[in-house]
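Have a look at the structure below before the remarks.
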Amino acid sequence: MSTPLTFRHLFGPGPSNCYPEAVAALGHPILGHLDPLFIEMMDSACEGLRQLWGTANARTLPLSGTGSAGMEAAFVNSVGPGDVAVVAVNGLFGVRMCEVARRAGAEVVRVDHEWGRPIDPERVASAHPNPKVIAAVHAETSTGVLSDIAALGRLKGDALLLVDAVTSIGGLELLADDWGIDIGYAGTQKCLGVAPGLAPFTISDAAFERRIQDPQSWYLDLGLLGGYVGAAGGSKRTYHHTAPVAMVASLAAGLDRVLGEGLDAVQARHAAAGLALQEGLQDMGLELFAEEGSRLPSLTTVKVPDGVDSAAVRAYLLERFSLEIGSGAGEFASTVWRIGMMGPNANPASVVLVLGALKEAIA
Ligand code: PLP
């Protein structure tokens, strides 16, 4: 017997609850991955992703895999032995970038920042005279911090700017072309309001020209993936791997939902929900973790009050309200909670629900 299906309010760091349109699309009849109807669906998803990334890059596609597959693809295609990768670290995902870059063979120059604070673009950009890649996380889910990618883009020089937008895409302003992002990866399960399973990815022509030939990952080789989505132009597709057709259908539907509402409206909804939650938590006497001025609307970090058992509160919320919030990350695992307001959950009713439930749980 499998576990009974239960509805959860997903207010953790992801996955978030999904847009109903994205869930409904999972029930569509399965199409062949070279069926003209599926190709239309994939084209529509790629076009929608271009709008969310703020890019005209032809090579913008949903990679098959979660956000981590996007991270792997970004590094294995851009750095190898002899290349320097400068990585800004202000949380767990920056640390993970260093590890992925190291395994790709790069010489990693790690620029550490205090967790809870944004990256310092000048310090990052001046960490090495001639890096091939400068990498940073736009929205650090481990700490709830937003960093200024546009500023880093202005300082990158000849380096390729590689950015993690897992917790910003579909909820926060993201202007890859204007900000100088050369390679970007994201995830579907956060502000985009689609189930986990795909990694929205984009790479500029210039970065594609400077890519690693024959990267050690065959599956994530962007040179081979061009034909999979027709990035080289035209409607002809070549078989590379079987597209996860149900997930792509769901993504296409989710993107239609988001773009139908309008990116400005979606971003405003995330901003308002994040701010209302942060004000409400402070009104309850709780202290926020991320530095003021750099707080993500999509993911709020709040300190667990002294004397309160962090895990017991989370268990209470799950049991009594079927409501999930996240623990902290790394050394803050039991001293910080992480509360997401993402996708369809970014609304005033969610804020009231989370604040009320949390008040009862810590009373
Ligand atoms: N980068 C960031 C900023 C994330 O928040 C996450 C996941 O939460 C990842 C990368 C990894 O994505 P995934 O867990 O979908 O593989």
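No value in this document is a laboratory result; all are computed from the given coordinates. These numbers come from a predicted model, not from an experiment. Reconstructed Cβ throughout: ideal geometry from the backbone, glycine too, with neighbour counts over all protein chains shown.
Tabulated values for the structure
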{"item": "Count - residues of segment 43-91 that are assigned to a loop (DSSP other than H, G, I, E, B), of a type in the set (Ser, Thr, Tyr) and buried (at least 24 other Cβ atoms within 10 Å of the Cβ)", "result": "1"}
{"item": "Failed condition for Ser204, given (1) touching a residue at least 60 places away in the same chain (Cβ under 8 Å); (2) within 23 Å of Leu299 (Cβ to Cβ); (3) more than 16 Å from the ligand (Cβ to nearest atom)", "result": "(2)"}
{"item": "All positions within segment 100-119 that are among the acidic types (Asp, Glu) and either assigned to a loop (DSSP other than H, G, I, E, B) or within 25 Å of Leu192 (Cβ to Cβ) (or both)", "result": "Glu114"}
{"item": "Filtered residues of segment 329-363 (kept if assigned to a loop (DSSP other than H, G, I, E, B), within 26 Å of Gly94 (Cα to Cα) and touching a residue at least 40 places away in the same chain (Cβ under 8 Å))", "result": "Ala329, Met341, Met342, Ala346"}
{"item": "Qualifying positions in segment 256-294 - assigned to a loop (DSSP other than H, G, I, E, B), touching a residue at least 60 places away in the same chain (Cβ under 8 Å) and closer than 20 Å to Val308 by Cβ", "result": "Met284, Phe289, Ala290"}
{"item": "Of residues in segment 284-317 being of a type in the set (Asp, Glu) and within 16 Å of Ile339 (Cα to Cα), the one surrounded by the fewest Cβ atoms within 10 Å (Cβ to Cβ)", "result": "Glu287"}
{"item": "Pick from segment 189-213, criterion in a loop (DSSP other than H, G, I, E, B) and out of contact with any Ser or Thr (no Cβ under 8 Å at 6 or more places or on another chain), ranking: nearest to Asp264 (Cα to Cα)", "result": "Leu192"}
{"item": "Scope segment 318-357; condition β-branched (Val, Ile, Thr) and surrounded by fewer than 22 Cβ atoms within 10 Å (Cβ to Cβ); matching residues", "result": "Thr335, Val352"}
